[in-house]
Structure formats: C-alpha cells, structure tokens
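In what follows, a structure is listed as structure tokens, so that the remarks can point back to it.
None of the figures in this text is laboratory data; all of them are computed from the coordinates on show. As the structure is a computational prediction, the values presented were derived from the model and not from experiment. Using ideal geometry, Cβ is built from the backbone for each residue, glycine included, and neighbour counts are taken over all protein chains shown.
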Amino acid sequence: MVREKVFVHNNAQIMERKMWQFILGSTGFILYFIYDINSVRMKNAVLQKFFAAGSILVVVSLIAELYTAWGSCHRKIGTMTGLLNRKYFYEVLNEELEKNREASLALAIINVDDFKLYNQLYGVKEGDLCLQRIADIIRSSVGESGYTARYGGKEFAVLLPGYDLFSARNMVESIAKQIYVMNNRRTDMKLKAVTVSAGISAAPYAARNVKELMENVDLAVYHVKHNGKNGIQVFDMMFRNNSEGNNTRNRTHIYQEYESTIYALTAAIDAKDHYTFSHSNNVAYYATSLATTLGMNEDMIEIIRQAALLHDVGKIGIPEYILNKEGKLTDEEYEIIKGHVEASIDIIRHLPSLDYVIPAVIGHHERYDGKGYPRRIAGEDIPLTARILCVADSFDAMTSKRCYKKAFPIEVAREKLLQDAGRQFDPDLVYKFVECLDNGSITLVKAEETVDNLKEIL
C-alpha cells in the first residue's frame, strides 16, 4: 500500500525518506529491546543470544524488503524529474481507464514550447533545471488528484481520474501560468519565459480506449502548436462540439496553408529524382487509404498525407550515383542512404509550421521488432503514423520498378508483407492493408495516377 501511494504522488524522494525513517525507527526499537533483555540480567545466555540474533535478522529482512521496494519505485520513476516514466505511465493509464469505465478520466499532455531554443540559449544543464522546475510545478499542482509523468523529452502527461474536461482545463491553466512566471523568480540570470502547448481529452465521453484517448490529446496539442503555441486546447471542444463547417475551416487553416511549402519541397525532390517524387506520391495514396480504412479522423489522415509526401525529402542530399546505382550498394553507400531519414528531419525542423509530421517521418524505417533505424525503437513505441508509412513505403518499393530491380507482382508483395508481419511491420496494419488489397479498396497505382487518387480520398 505504501508503494502504491508513493506512485500516486509520483515522488521517489518520499519513498526514500520513509525508508530511512522506518530503518532508523526499527533499529532503535530492536536495540532498546536488546538492552531491555540485558537489563533484566537474563540468566539464560543462550536465550539472550537467540533474541539478539533474531532481532538482527528482523532488521536485515526489513531493510532488504524496503530496498527492493525502493528499487522498484526508481525503475518506474525518472531520475531527473521524479515523475513516472513513460512505460509505467501507460500501465497506470490502462488500469485507470479500466477502473473508470463509468466515470470520467481526463488526460492532458503538456508540451514545452521552443525547448530546443532554450537549450541553445542557456545550455543543456540549465535546460535540465528548467524541466525539473516544470516537473515540480506539475507534481505539486496535481498532488494526490492523479498521476504525472515525463511523457517525452519535453512533454509531460497528467492523468486525472474523476475529472471532467472543465476541471482538467482549470488545472492545466494553473500549471501553465506557474510555468510562465517561474523564471521571474530567479535573480541570478535573465532567462526567457517558458510557455507550453497543452492538449486535453477525456474518456469515455470523447474516447473509448487508450488509443483514441492518446490520439485525441496529440491532435489537440498539434492544434495549439500550429496556431502560435502557448495555449490549451480541449479535444472535445475542437472536434466534437464544433459544426461541420467550423471543422472544415479549422482544418484548412491549420494544414492547407502549408500546401505551398510542401509543393515546393516535393518539386525539389522531383528535380533531383523523379522516382522519389513518384514514390512519395504513391506512399501518400497507400498510407491515407489505410488510415481511412482504420477510421482515423480527417486531421490525422491529412498529417499522414503530408508526412508521406515529405518522408524522403532528405534524399535531396544523396548523390545521384547512389540513388540510381544499378548494382548492390556497398556498406558505406548504404549508410549514406540511411542518413536520408535524419536529413529529412533536419530540413523539416527549419519549417516549424510542419514539425507535426516529424514523428511519422523519423519513424518510417523503424521495424516492429526493434531492428530498424535510426532510433531502433520497437512495437507501439513507434508512432502509429510511422507504422502506417512503413507499410505503405515498403509496399510501393516492392511494386515499383527501379534501375536495380524489377517490380514485384502484387501477389508477391502481398505475401512478403504477411511474412514480415510482427517483424518489420505492425501485424494489425499489415492484415488490414492486405484485406484492403483483397477487397479492392486499395489498388495498385502508377505514379501518374496517384494525385487523382489522393484527391478522391481527401
């Protein structure tokens, strides 16, 4: 019970303090007990030694048990912030969602704005101190009301059982205000004010499961980021309560204003390598078709489309003799090819308005078994958008003709997808993609047909 309560507070220091209090208290009690035995001058020396040894064993066993509990606590809590780590937070999220099927459960993601710039201005050490101060604010604000976690490098998660959207927003607003003024309290140096972009959603009203809840919150954060940052968006208000016309206007405002930028980048790809341009368009068609079949909302489909168009933009920097080499690549050439992922991210990072495509782009060569690149993450740690791109990217690569290979027949590509389900690909996505191939909702396209197909979907 003690450990669980500690986790509710998300604070390893509490556990550590209580552990030493218990150890010292128990040791004192045992020593007094031993002294009391001696004070009555027990005539039986053997019995005296028995009690003394037994007391020591009791203390040692208690210390061992508490150290075990402490170690378990630290495995679930980040060392820098003292908040729950991402892995354990997902466990708590699933448990609480199950417990609160008939009650409200609010989730908020708090993303620190321009944190990369903060590190560049003041250094990583000061950046770490900034994250620690933010963690302290979040932990003290939430208290015993819920759970807090460091969700990502500059992201924090707040889970509030029993909270509705209104109450959750009030708490997040309070947290955001405290974060904004926290650097004003420091007198030793002038630090820029820190702002956050936060998204909130709730189950079961706006989400039926963990997947939907996380997607909703992520989209709400995206909305804030693309409307100037430094704000809070409740998913339910943004997507559920607005009229259909407002939703369309929001989507146009958020995403389609970047079409000219995307067009310019894809034109640059086309000038460099027409195959890469055609491939990107094909991947956009396959990926958005799969996302549509999965029932994803329009905004997520649009994000996937844009990510697909830009996922290979880094190949602009790859020498043409490598891109179009007819024979097998050398190890050195393969490493250069692999570098296109990070090169794509470097290009997109200079366009803050398009940073929402980064999770999909950076992960499209990750493998479900963890043997991909560049981060070697596995399973559902790979963003869903990236897992979708991975399937679409591989299918088009297999069914397209290149200077170094012939195009595989659709039947062969289909079987290769199934063979690598659970290894290279998310098995659920592969089965759904194959189902779409079989029922004709996804068809094999030529590069020149792709744009028209995309228009039909969107």
Using the structure shown, select from Lys177/Lys211; Lys211/Lys325; Lys229/Lys272 the pairs with a Cα to Cα distance greater than 31 angstrom.
-> Lys211/Lys325; Lys229/Lys272
Among 115-121, 394-400, 130-136, 367-373, what's the highest-first ranking by average C-beta atoms within 10 angstrom per residue?
-> 394-400, 130-136, 367-373, 115-121
Placing each pseudo-label 7 Å from Cα in the direction of the beta carbon, Gln419 and Asp331 end up separated by a distance in nanometres of 2.6 nm
Once a ≥ b ≥ c are taken as the square roots of the eigenvalues of the Cα gyration tensor of the range 257-457, is the result rounded (a/c under 1.5), prolate (a/b larger than b/c) or oblate (a/b not larger than b/c)?
-> rounded
Where does each of 272-279, 291-298 land if you order them by average Cβ count within 10 Å, highest first?
-> 272-279, 291-298
Label-zone membership for the range 144-176, site Gln132, 7 angstrom Cα→C-beta point, backbone N under 19 Å | 149-156
Gain on full stretching of the segment that runs from Glu380 to Leu294 - 0.36 nm per residue minus C-alpha separation | 29.4 nm
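Which order do peptides 157-169, 430-442 fall in by mean Cβ count within 10 Å, highest first? Numbers along the way, then the final one.
Values: 157-169: 19.8, 430-442: 16.2.
Per-residue mean Cβ counts within 10 Å order the peptides as 157-169, 430-442.
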So how far apart, in nm, are the two label points at Thr443 and Arg402 if each is 7 Å from Cα heading toward Cβ?
-> 2.7 nm
Going by the alpha-carbon gyration tensor, a ≥ b ≥ c the square roots of its eigenvalues, is the range 294-337 rounded (a/c under 1.5) or, if a/c is not under 1.5, prolate (a/b greater than b/c) versus oblate?
-> prolate
Cβ-Cβ FRET estimate between Ser174 and Asn227, R0 fixed at 22 Å, reported to 0.05 | 0.55
